[in-house]
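Structure first, commentary second.
The values are calculated or read from the model by the stated rules, or taken from the named source; none is laboratory data. Source: prediction; values computed, not measured. Reconstructed Cβ throughout: ideal geometry from the backbone, glycine too, with neighbour counts over all protein chains shown. Heavy atoms of the whole protein, side chains included, go into the accessibility calculation; ligands, DNA and RNA do not. Shrake-Rupley method; radii C 1.70, N 1.55, O 1.52, S 1.80 Å.
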Amino acid sequence: MGITSPILAPENWQAALAALDWQAEMGVSDWLQDAPVNRYDLPERLERPAVETPAQARPAQARPAPASQAQAPKADAVAIAQQAANAADSLDALRAAIAAFDHCDLKKGARSTVFADGNPAARVVILGEAPGREEDQEGLPFVGRAGQLLDRMFEAIGLSRQSADPASALYITNVLPWRPPQNRDPSAEEIAMMRPFVERHIELVNPDIIVAMGNAPCMTLLGEKGILRLRGTWAQALKRPVLPMTHPANLLRTPAAKREAWADLLSLKARLQAVRS
Ligand code: URA
């Protein structure tokens, strides 16, 4: 007679699935390793010498920080981001500059740097908030459930990230290229730090219209949040019209808000036609 593990017993499979989902949600992404990896600790550990001399082999806490490290002023991350963004003269250069930017702690916990998807010649850019779990795994924005809804919404007015024709194409990016832990909202500091890259990104793509999908993009472009109040009201940023819209993740939670989202999509369609003629 075989032994059935309690977690694998048929009546327990839902519990096992829930436990697995919970671990993935907490950021567990590598299942088979000999030792646990603290991703937040990684850069520091990698810089340590592989073989320690007897003098170095003291407990980590007892080792005094080098004077240069102890007294180093905190880098001005916004100024560094601004400089790196200004120097990027193409989308490839901007992608490389963001990947090389080490001042945002979110990067340490993320699996991917999510840059963008769609057609860079598109007339419409969608600016989202930040990658979620699926986006972090695939390295592309808006590929989870909210992303699938977003695709259906824009396809309903003839726009798609797959379109080769700029007139019917979309280009999609986010305020933050790294997934915040447990999908928390981006902080004001993170938004300020990444804003220079967002602005340069928009400049390089040069769309006719920006759709600000949720609070973080409204904060980044318009300096205010309150998406339920802002949605549907055209604004102006980076020398072009901006349409704030309710995030599709919110529409999944509150299907009644889809009616307003449809009104916003029709407003976008009309504005695009007006810009074209
Ligand atoms: N939500 C966002 O704002 N962006 C994504 O890429 C995915 C979900």
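Numbers below:
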{"read-out": "Selection from region 162-191 of residues that are open to solvent by 80 Å² or more (accessible area, probe 1.4 Å), within 16 Å of the ligand (Cβ to nearest atom), more than 19 Å from Pro244 (Cα to Cα) and modelled with pLDDT of 95 or more", "value": "Arg184"}
{"read-out": "Subset tally (residues that are in a helix (DSSP H, G or I) and in contact (Cβ under 8 Å) with a residue 60 or more places away in the chain) for region 108-135", "value": "3"}
{"read-out": "Pick from region 120-132, criterion open to solvent by 20 Å² or more (accessible area, probe 1.4 Å) and within 9 Å of the ligand (Cβ to nearest atom), ranking: nearest to Ala212 (Cα to Cα)", "value": "Glu129"}
{"read-out": "3 or more residues basic (Lys, Arg): qualifying strands (runs of 3 or more DSSP E) within region 154-259", "value": "none"}
{"read-out": "Lone qualifier among Ala55, Ala88 - being more than 16 Å from the ligand (Cβ to nearest atom), in contact with a helix residue (DSSP H, G or I) (Cβ under 6 Å, 6 or more places away or on another chain) and either small (Gly, Ala, Ser) or modelled with pLDDT under 95 (or both)", "value": "Ala88"}
{"read-out": "Total residues in region 85-104, condition assigned to a helix (DSSP H, G or I) and more than 17 Å from Val205 (Cα to Cα)", "value": "1"}
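Here's the yes/no breakdown for (1) within 16 Å of the ligand (Cβ to nearest atom); (2) among the β-branched types (Val, Ile, Thr); (3) surrounded by 12 or more Cβ atoms within 10 Å (Cβ to Cβ):
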position: Val242; (1), (2), (3): yes, yes, yes
position: Arg253; (1), (2), (3): yes, no, no
position: Lys258; (1), (2), (3): no, no, yes
position: Trp262; (1), (2), (3): no, no, yes
position: Leu265; (1), (2), (3): no, no, yes
position: Leu268; (1), (2), (3): no, no, yes
position: Ala274; (1), (2), (3): no, no, no
